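Remarks on the structure that follows.
Values in this text are rule-based calculations from the coordinates and carry no lab data. Note that the coordinates shown come from a computational prediction; the quantities given were computed from them, not determined experimentally. A quick note on method: Cβ atoms are made from the backbone with ideal geometry, for glycine too, and the neighbour counts reach across all protein chains shown.
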Amino acid sequence: MPERVLLVDDEPRVLDGYRRALRRRYELSFAEGADEALGILESEGPFAVVVSDYQMPGTDGITFLAEIARRTPDTVRMMLTGQADLDVATAAVNDGKVFRFLTKPCPATDLAMALDAGIEHHRLVRAERELLEGTLRGTVRLMTELMGLLDPDAYDHTARIRRIVSQMLDEFPAETRWQLELAAELSQLGTLTLPLALRRKLRGGADLTPREEKAVTEHPHTAHDLLCGIPRLELVARMIATQREPAMNRPRDMSLSDPDDLVSAGAHALHIATELDRLTRTMSIDEALRTLDRDTGSHFRSRLLSRLAVAPPEQSYARATVRVAELTVGMVVDENVESETGMLLLGEGREVTDPILVHLRRFQETVGVVEPIRVLVPTADHSSPSV
């Protein structure tokens with residue numbers, strides 16, 4: 001699939017020239033000015049490369065490209081202008097963060113060479129980002145697995161939040177979903193700083209004292225402080241920090257290409273997931289959704305709730321009883337798993353992963369694990385649950 005290029009110029013004849021010279025080589029979109037280009041970016045973006053004229057009515061090319069850099073940092077930006085002076089070139093590089101500065105008239109062969117270089121640079125940036133995001137995902141998964149070994153209840157709570165959030169992902173641009181997924185994985189990280197007794201009261205829905213309520217209110221900010229120094233987790237940390245108090249007064253229609261709006265939207269999703277998990281302990285899913293929808297004045301929040309009203313396809317399972325040595329990754333324990341000394345090792349409903357297998361087998365070799373264990377074994381048929 002060819003990389004997509006957006007060409008911006010307020011002169012239609014210039015765009016027509018681009019179209020004739022480059023249409024066979026690239027997948028092109030055109031905009032007559034910055035405002036139209038931002039609209040195209042919102043509805044059709046992101047693009048691998050954006051080429052902008054310098055002199056345009058309303059917004060000059062430098063300001064426009066700086067906005068592109070803010071909205072879609074991976075997009076390669078180029079300036080094409082007749083204003084061939086050093087000051088414009090310097091501003092284009094420093095403020096617009098342009099990859100190439102080209103002067104008019106620019107031969108089609110020169111523009112094509114610049115576009116080829118820009119597309120290759122975009123591919124390298126994207127490959128690096130995907131590698132980094134994959135590394136982050138693996139690191140976060142390890143952190144949550146370790147959290148589960150230290151506090152099985154915390155892991156189970158996080159797993160429920162993660163499943164709820166996964167149903168809302170389609171409301172987010174594809175390139176941003178990884179951030180919301182990581183935010184869901186790490187949303188309860190700060191609770192590990194709370195005393196165990198308080199964590200149990202919080203998850204059980206018990207009334208809290210004013211001092212306890214203050215400590216609970218602060219746990220998202222604790223998680224934020226732990227995460228904000230990790231590269232590329234800045235927005236994730238901000239989503240988590242505001243999850244208990246999402247920005248309810250945001251505009252009805254948020255622009256999720258805007259980082260602040262993306263943070264607000266992510267905080268809404270985390271807030272909904274946490275509240276839904278709490279409410280469904282005492283009421284049906286339909287009642288819980290009506291309760292959450294009652295107080296919302298946000299169109300976007302209502303769209304998130306509507307995603308939860310449609311039940312996702314369920315994995316089907318077969319019941320079995322196994323010993324620790326027979327456990328495999330993907331099974332779900334159908335009862336609490338305890339050591340022979342009475343310690344809770346794994347909560348009911350927990351999916352077996354590689355770290356859990358190692359954990360249980362080591363306990364079996366040293367302290368001992370109560371056997372046999374009731375489990376749910378995934379079957380190939382996903383059409384309907386068999387339990």
Per DSSP, the loop-located GluC sites (Glu not before Pro) within the range 139-215 having at most 14 other beta carbons within 10 Å are none
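Check each of the trypsin sites (Lys or Arg not before Pro) in the range 1-62 and keep only those in coil by DSSP with at most 14 other C-beta atoms within 10 angstrom; list them in order.
On the way: sites: Arg4, Arg13, Arg19, Arg20, Arg23, Arg24, Arg25; in loops: Arg23, Arg24, Arg25.
Of the trypsin sites (Lys or Arg not before Pro), the ones in loops of the range 1-62 whose Cβ has at most 14 other Cβ atoms within 10 Å are Arg23, Arg24, Arg25.
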Pseudo-spin-label distance Ser43 to Arg163, built 7 Å along Cα→Cβ, given in nm, is 3.9
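Counting alpha carbon pairs within less than 8 Å and at least 6 residues apart, what relative contact order, in whole percent, applies to the chain?
Numbers: 567 pairs, mean separation 41.5, N = 387.
Value for the chain: 11 percent.
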Long-range amide H partners of Leu345, meaning residues 5 or more apart or on another chain whose placed amide H is closer than 5 Å, are Val337, Glu338, Ser339
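State, as an integer percentage, the relative contact order of the range 317-378 based on alpha-carbon contacts under 8 Å between residues 6 or more apart. Could the numbers behind the result be given before it?
Numbers: 119 pairs, mean separation 32.6, N = 62.
Relative contact order, the range 317-378: 53 percent.
Would you kindly give the portion of the calculated P(r) for the range 141-210 that falls above 16 Å, as a percent of all Cα pairs?
On the way: 1235 of 2415 pairs.
That tail contains 51 percent of the Cα-Cα pairs.
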Extension length gain for Glu234 and Thr209 (0.36 nm per residue less Cα distance), in nm, is 5.8 nm
GNM of the chain, Cα pairs under 10 angstrom: of Asp16, Asp53, Asp116, the biggest fluctuation goes to Asp16
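Give me the Kirkwood hydrodynamic radius of the chain in Å, from all C-alpha pairs, to one decimal place?
With all distinct Cα pairs of the chain included, I get 24.1 Å.
Mind putting a number on the dipole of the chain about its Cα centre? Charges go on the C-beta only, +1 for Lys and Arg and -1 for Asp and Glu, and I need it in Debye to the nearest 20.
Details: 46 positive and 62 negative charges, 96 e Å.
That gives a dipole near 460 debye.
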Neighbours of Val216 by Cβ distance under 13 Å: Lys/Arg at +1, Asp/Glu at -1, summed charge +3
Taking the dipole of the chain about the Cα centre (Lys, Arg +1; Asp, Glu -1; charges at Cβ), the one of Ala114, Ala269, Pro12 that reaches farthest to the positive side is Ala269
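Please compute the contact order of the range 151-308 in relative form: average sequence separation of alpha-carbon pairs under 8 Å and at least six residues apart, divided by the residue count, as a percent.
Numbers: 176 pairs, mean separation 39.2, N = 158.
It comes to 25 percent, rounded to a whole number.
Restricting everything to alpha-carbon atoms, can you work out Rg to Rh for the range 317-378 with a Kirkwood hydrodynamic radius? Intermediate results must be reported in sequence, preceding the final value.
Values: Rg = 10.4 Å, Rh = 11.2 Å.
Ratio value, two decimals: 0.92.
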When the charge dipole of the chain is computed with +1 at the Cβ of Lys and Arg and -1 at the Cβ of Asp and Glu, the Cα pointing farthest to the positive end, of Leu235, Leu344, Thr217, is that of Leu344
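Could you tell me which of rounded, prolate or oblate describes the range 151-308, using a ≥ b ≥ c as the square roots of the eigenvalues of the alpha-carbon gyration tensor, with rounded for a/c under 1.5 and, failing that, prolate when a/b is larger than b/c and oblate otherwise?
Oblate, because a/c is 1.5 or more while a/b does not exceed b/c.
Fewest Cβ neighbours within 10 Å first, please rank Ser166, Ser43, Ser306, Ser284 accordingly.
So the residues, fewest neighbours to most, are Ser43, Ser284, Ser306, Ser166.
By the gyration tensor of its Cα atoms, with a ≥ b ≥ c the square roots of the eigenvalues, what is the shape of the range 1-78: rounded for a/c under 1.5, prolate for a/b over b/c, or oblate?
Oblate shape, in that a/c is at least 1.5 and b/c is the bigger or equal ratio.
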Calculated from DSSP helices alone, with each H run of at least 4 adding -39500 (n - 2.57) and the total divided by the residues of the chain, [θ]222 nm to the nearest 500 comes to -16500 deg cm²/dmol
If unit charges are put on Cβ atoms (+1 for Lys and Arg, -1 for Asp and Glu) and the dipole of the chain is taken about its Cα centre, the option from Leu194, Met168, Gly45 lying farthest towards the positive end turns out to be Leu194
Summed over the other residues with a beta carbon less than 14 angstrom from that of Pro152, with K and R at +1 and D and E at -1, the charge totals -3
